[in-house]
Amino acid sequence: MTSPRLPAAGLVLAVLVATPAAADRLPDLPRLGLKETDTSVIGISSGGYMATQLAVAWPERFQALGVLGAGPWSCAQGSLGLALGQCMTTRLGPPQLGELEQRLTDYREVERVGSAEALAQLRAFVWHGGADKTVDPSLGSVLAEQLANWLADPQTQLRFVQSDNIGHGWPIEREAIPLPATELGDCQKGGGTHLLACDKDLAGEVMDWLHDTPPGMGGAGGADTLSGHLLHFDQDDFAVKGLDSSGYLFVPDECGAGGCGLTVALHGCAMGAEQIGETFVRHSGLNEWASAHNRVVLYPQAETSMANPKGCWDWWGFAESTWQLDPLHDTRDGTQIRALIAMVERLQEAPDAN
């Protein structure tokens, strides 16, 4: 029997779409009654590092993980020096998985991350551009090895893809998602908005794998195929260091009554709305896939600051107290992780009946 409270979500969505926001404030992130057992997270670059941090901290809440252009979990270990020298370049040598595993064990003993049993059930897709000059391609291989050590059956739960002639960014299929050349990065060199002109529907490829759907059944099909709404919402309810004042949410028409799955999509450095407007949240290919598969997509937004000039997600500890010996940014106690989980929980709550 359908819950009597879920249809109210359709009313909530209709109000958000039809009613202009007050002059001084955007609408709040709505309660949509989304499934708690069907949640994935996908991220690029710093968003890829944060995506893995979320999945490791809360494997009970995330069933699937997609990482693009990033290295292993907790690679920086709270150090900007390591972030730059071992997790972007490898001039300080490659990350040592043994050290990171001990860090995970220590966290698990004090319940700052999820259980090994829950993590072992994760489904994961790791992608890296072989021509990446920002995050060394070898780091994607290290992440894949790390995940393989955690998963119950890596042969069926993990896919690792390296695309030889693609640089740092998010490849899109230009014919399906036409954008002006000025809004695209070069496929091999990267740059620009970091949406890369590669004629590759990476969003569809990753989402098909994570959610076990037949390839090509509703990938990037252009704006004319969309059935849903992109909502711009106020993030102040979740305000913590490093988060912007607003975020975005794509809701397919079929999800207005609740019961859909959720994907959290985390932009990379210099890819937030503050820097490139709505280019990523509208043109990554995720909305087209989500529209075809009735899946809500949450696009939280990070902001720039003196400590974080490119608007990255916190994968080295800048958002935590400076006096902390270990910043705990990669745990359940992490400032940004708590805020992101609170957004997920809000979307999964049943809407008010009135």
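The values are calculated or read from the model by the stated rules, or taken from the named source; none is laboratory data. Since we're looking at a predicted model, the values are computed, not measured. Neighbour counts are summed over all protein chains in view; Cβ atoms, including those assigned to glycine, are modelled from backbone coordinates with ideal geometry.
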### Query
Out of all the residues in the range 318-336, is one or more in a helix (DSSP H, G or I) and either modelled with pLDDT of 95 or more or closer than 21 Å to P72 by Cα (or both)?
yes
### Task
Among residues belonging to the range 93-146 that are β-branched (V, I, T) and in contact with a helix residue (DSSP H, G or I) (Cβ under 6 Å, 6 or more places away or on another chain), point out the one that is farthest from I44 (Cα to Cα).
V113
### Query
Taking A76, is it more than 14 Å from V264 (Cβ to Cβ), touching a residue at least 24 places away in the same chain (Cβ under 8 Å) and touching a Phe, Trp or Tyr at 6+ places or on another chain (Cβ under 6 Å)?
yes
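Here is a yes/no grid of residues against (1) of a type outside the set (D, E); (2) assigned to a strand (DSSP E or B); (3) within 21 Å of W313 (Cα to Cα); (4) modelled with pLDDT of 95 or more:
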{"site": "P214", "(1), (2), (3), (4)": "yes, no, no, no"}
{"site": "G219", "(1), (2), (3), (4)": "yes, no, no, no"}
{"site": "L231", "(1), (2), (3), (4)": "yes, yes, no, yes"}
{"site": "L249", "(1), (2), (3), (4)": "yes, yes, yes, yes"}
{"site": "A257", "(1), (2), (3), (4)": "yes, no, no, no"}
{"site": "T263", "(1), (2), (3), (4)": "yes, yes, yes, yes"}
{"site": "M271", "(1), (2), (3), (4)": "yes, no, yes, yes"}
{"site": "Q275", "(1), (2), (3), (4)": "yes, no, yes, yes"}
### Message
It is to be established whether one or more residues within the range 303-311 are at pLDDT 95 or above and buried (at least 24 other Cβ atoms within 10 Å of the Cβ).
### Response
no
### Task
Just need a number here: residues in the range 188-217 that are within 15 Å of V161 (Cα to Cα) and touching a helix residue (DSSP H, G or I) at 6+ places or on another chain (Cβ under 6 Å).
3
### Query
Got at least one residue in the range 138-155 being surrounded by 12 or more Cβ atoms within 10 Å (Cβ to Cβ), among the charged types (D, E, K, R) and in contact with a strand residue (DSSP E or B) (Cβ under 8 Å, 6 or more places away or on another chain)?
no
### Query
Taking the range 164-186, which residues are among the hydrophobic types (A, V, I, L, M, F, W, C) and more than 19 Å from L286 (Cβ to Cβ)?
A181
### Message
Give all pairs with beta carbons closer than 9 Å in which a residue from the range 246-260 that is over 12 Å from P27 (Cβ atoms) meets a residue that is of a type in the set (D, E, K, R) and surrounded by 22 or more Cβ atoms within 10 Å (Cβ to Cβ); count only pairs at least 6 apart in sequence or on separate chains.
### Response
F250/R295; P252/R295; C255/R295; C260/R295
